[in-house]
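Peer 1: Before I ask anything, let me first share the structure, which is written out below as structure tokens.
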Amino acid sequence: MPEPIYRSIAEDLRRQIETGELRPGQQLKTEIELREHYNNASRNTIRDAIKLLIIRGLVETRPGQGTFVVETIVPFLTTLTGDPAAFGGGEGQIYLMEVSALRRRPTVTEPEVGIHQAGNPVPATDELQLPDGSMVVSRHQRRFIDDIPWSLQTSFYPMSLVERGATQLLRAGNIPQGTVDYLREEVGIKQVGYRDTITVRAPDNVETGFFKLPDDGRISVIETRRTAFDEAGTPIRLTVSVYPADRNQFAVIIGDVPAETGEPARSKQDAGSGASTESPPEHSD
């Protein structure tokens with residue numbers, strides 16, 4: 001039985017992509033041009049061929065622009081850990097150091113500060129155990145690796161921390177020592193642990209636009225929610241981090257283990273740059 005024409009066209013385009021005739025990011029010919037190129041193939045045949053390439057993750061359509069070869073992205077590995085030794089650190093410094101160690105170029109935006117009333121749509125009410133109407137401070141950052149959008153991170157703090165003297169939470173810009181050390185030094189609040197929840201979901205419109213993801217939702221995002229607690233068991237921060245699944249990987253390392261090839265050596269003292277905010281998890285805002 002002969003192969004369907006659309007599959008033959010898709011296979012030819014796949015070959016062009018894999019041999020470099022069509023480069024990452026390059027636009028394919030228009031539908032009319034493809035029909036002419038493939039012996040006046042029907043419109044539906046060309047569309048079926050493109051759909052097959054989209055399913056295989058080789059091309060993507062951009063509304064109002066056309067169809068483009070997917071750009072290859074080298075994933076970045078984030079290490080998750082439950083080691084209390086990971087607490088503290090400079091705001092964003094661990095993230096910057098880890099990415100730079102792989103000879104890649106990290107950039108992080110200055111924290112953007114907001115003040116919100118707890119309740120919908122602020123996603124911190126339950127984790128921070130706040131009644132509706134309570135005020136919450138947010139600190140939001142966008143992260144890039146080699147100029148490619150890599151993650152979105154927002155930390156939420158009860159306004160009561162500001163009322164107790166942690167006024168730097170209201171200031172846009174980095175807190176040099178990180179908020180874990182800042183809260184301990186400034187108001188005597190010691191973080192003793194945190195709880196992580198990790199979910200995989202479809203991206204919303206903001207995330208789709210920022211990460212430049214396909215509109216069909218086939219690339220999921222990984223959302224981590226880290227709730228940090230003080231010595232009294234009171235939640236003092238919620239960090240919500242969002243990572244697109246096409247450029248992020250995660251590992252859990254417990255104890256002293258050898259580094260994988262091409263990865264900086266890690267131990268239970270330095271494996272804490274996990275999923276959270278303004279640096280990896282706890283080294284942040």
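The values are calculated or read from the model by the stated rules, or taken from the named source; none is laboratory data. What you are looking at is a predicted structure, and each value in this text was computed from that prediction instead of being measured. Methodologically, a virtual Cβ is constructed for each residue, glycine included, from the backbone with ideal geometry; neighbour enumeration extends over all protein chains shown. When the accessible area is computed, the model is the full protein with side chains, heavy atoms only, and any ligands, DNA or RNA have been set aside. Shrake-Rupley method; radii C 1.70, N 1.55, O 1.52, S 1.80 Å.
Peer 1: Considering the range 234-285 alone, what residues qualify as being at pLDDT below 50, loosely packed, with under 15 Cβ neighbours inside 10 Å and more than 19 Å from residue 192 (Cα to Cα)?
Peer 2: Correct list: 264, 265, 267.
Peer 1: A follow-up question, please. Look at the range 94-105 and say how many of its residues are part of a loop (DSSP other than H, G, I, E, B), of a type in the set (D, E, K, R) and within 19 Å of the chain's Cα centre (by Cα).
Peer 2: Here the count works out to 2.
Peer 1: Can you pull out every residue in the range 213-233 that is charged (D, E, K, R) and surrounded by 13 or more Cβ atoms within 10 Å (Cβ to Cβ)?
Peer 2: Passing the criteria: 215, 218, 223, 225, 226, 230.
Peer 1: Here is a follow-up. Yes or no: residue 55 closer than 30 Å to residue 259 by Cβ, out of contact with any Phe, Trp or Tyr (no Cβ under 8 Å at 6 or more places or on another chain), open to solvent by 30 Å² or more (accessible area, probe 1.4 Å) and modelled with pLDDT under 90? Before you say what the answer is, go through the steps one by one.
Peer 2: Working: closer than 30 Å to residue 259 by Cβ: no; out of contact with any Phe, Trp or Tyr (no Cβ under 8 Å at 6 or more places or on another chain): yes; open to solvent by 30 Å² or more (accessible area, probe 1.4 Å): yes; modelled with pLDDT under 90: yes.
Against the criterion (closer than 30 Å to residue 259 by Cβ, out of contact with any Phe, Trp or Tyr (no Cβ under 8 Å at 6 or more places or on another chain), open to solvent by 30 Å² or more (accessible area, probe 1.4 Å) and modelled with pLDDT under 90), residue 55 does not qualify.
Peer 1: List the residue pairs whose Cβ atoms are under 6 Å apart, where the first residue sits in the range 194-217 and is more than 20 Å from residue 155 (Cα to Cα) and touching a residue at least 12 places away in the same chain (Cβ under 8 Å), the second is open to solvent by less than 60 Å² (accessible area, probe 1.4 Å) and part of a loop (DSSP other than H, G, I, E, B), and the two are 6 or more positions apart or on different chains.
Peer 2: Here the result reads 202/217; 213/203; 213/219, each pair linking the range 194-217 to a residue that is open to solvent by less than 60 Å² (accessible area, probe 1.4 Å) and part of a loop (DSSP other than H, G, I, E, B).
Peer 1: Now a separate question. In the range 110-123, how many residues are of a type in the set (Gly, Ala, Ser), touching a Lys or Arg at 6+ places or on another chain (Cβ under 9 Å) and either under 9 Å from residue 156 (Cβ atoms) or at pLDDT below 90 (or both)? Please lay out each step first, then the result.
Peer 2: Step one: filter the range 110-123 for residues of a type in the set (Gly, Ala, Ser), giving 114, 118-119.
Add one more test, that the residue is touching a Lys or Arg at 6+ places or on another chain (Cβ under 9 Å), and what stays is 114.
Okay, now just the ones that are also either under 9 Å from residue 156 (Cβ atoms) or at pLDDT below 90 (or both), so none.
Number of matching residues: 0.
Peer 1: Tell me the strands (runs of 3 or more DSSP E) entirely within the range 106-218 that contain at least 2 residues that are among the hydroxyl-bearing types (Ser, Thr, Tyr) and more than 30 Å from residue 25 (Cα to Cα).
Peer 2: Answer list for the range 106-218: 148-158, 191-201.
Peer 1: Give the residue that is nearest to residue 104 (Cα to Cα), with candidates limited to residues of the range 238-262 that are β-branched (Val, Ile, Thr) and not in a strand (DSSP E or B).
Peer 2: The qualifying residue nearest to residue 104 (Cα to Cα) is 261.
Peer 1: Within the group 177, 191, 141, which residue is open to solvent by less than 10 Å² (accessible area, probe 1.4 Å) and either within 27 Å of residue 250 (Cα to Cα) or modelled with pLDDT under 95 (or both)?
Peer 2: Sole residue among the options that is open to solvent by less than 10 Å² (accessible area, probe 1.4 Å) and either within 27 Å of residue 250 (Cα to Cα) or modelled with pLDDT under 95 (or both): 141.
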